[in-house]
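Below is one structure, written out as structure tokens; comments come after it.
The values are calculated or read from the model by the stated rules, or taken from the named source; none is laboratory data. Small disclaimer: the values here were computed from a predicted structure and weren't measured. A quick note on method: Cβ atoms are made from the backbone with ideal geometry, for glycine too, and the neighbour counts reach across all protein chains shown. Ligands, DNA and RNA are excluded from the accessible area calculation, which covers all protein heavy atoms including side chains. Shrake-Rupley method; radii C 1.70, N 1.55, O 1.52, S 1.80 Å.
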Amino acid sequence: EDTGEYSCDTGDQESRAALNVKALPVLFQKQLKDEEAEEGAAVKFRCELTKDNAAVEWRKGTMELFPCAKYEMKLSGRTAELVIHNVEPEDA
């Protein structure tokens, strides 16, 4: 968001320069860990990123997951969490 044109103006003269900021990639500080749960329980997956509030997508296999009664998604600072409520064998 700092990318853009900047200027310095003395009233008689002006100097301009452009700033282009290359965004660093979002990396994982802490990876997801395997979980095991009994049917009907809630399971929480958590990972830590290198940037605050980075956009993340949660997937089961190739299917993208969306917030609903079953899936709760949280993003707080650098921590992304997925809670799966009332797990069933099909959720494995």
Checklist entry - Is it true that some residue in the stretch 67-83 is part of a loop (DSSP other than H, G, I, E, B), surrounded by 12 or more Cβ atoms within 10 Å (Cβ to Cβ) and out of contact with any helix residue (DSSP H, G or I) (no Cβ under 6 Å at 6 or more places or on another chain)? => result yes
Next on the checklist: Could you list, ordered by first residue, the pairs with Cβ atoms under 7 Å in which the first is in the stretch 13-26 and within 29 Å of A54 (Cβ to Cβ) and the second is open to solvent by less than 90 Å² (accessible area, probe 1.4 Å) and of a type in the set (G, A, S), at least 6 apart or interchain?
Outcome noted: L19/G4; V26/A54
Checklist outcome for this item: Selection from the stretch 34-92 of residues without any contact (Cβ under 8 Å) to a residue 24 or more places away in the chain and in contact with a Lys or Arg (Cβ under 7 Å, 6 or more places away or on another chain) yields L65
Next on the checklist: Restricting to the stretch 1-53, name every residue that is in a loop (DSSP other than H, G, I, E, B) and among the basic types (K, R).
Outcome noted: K22, K33, K51
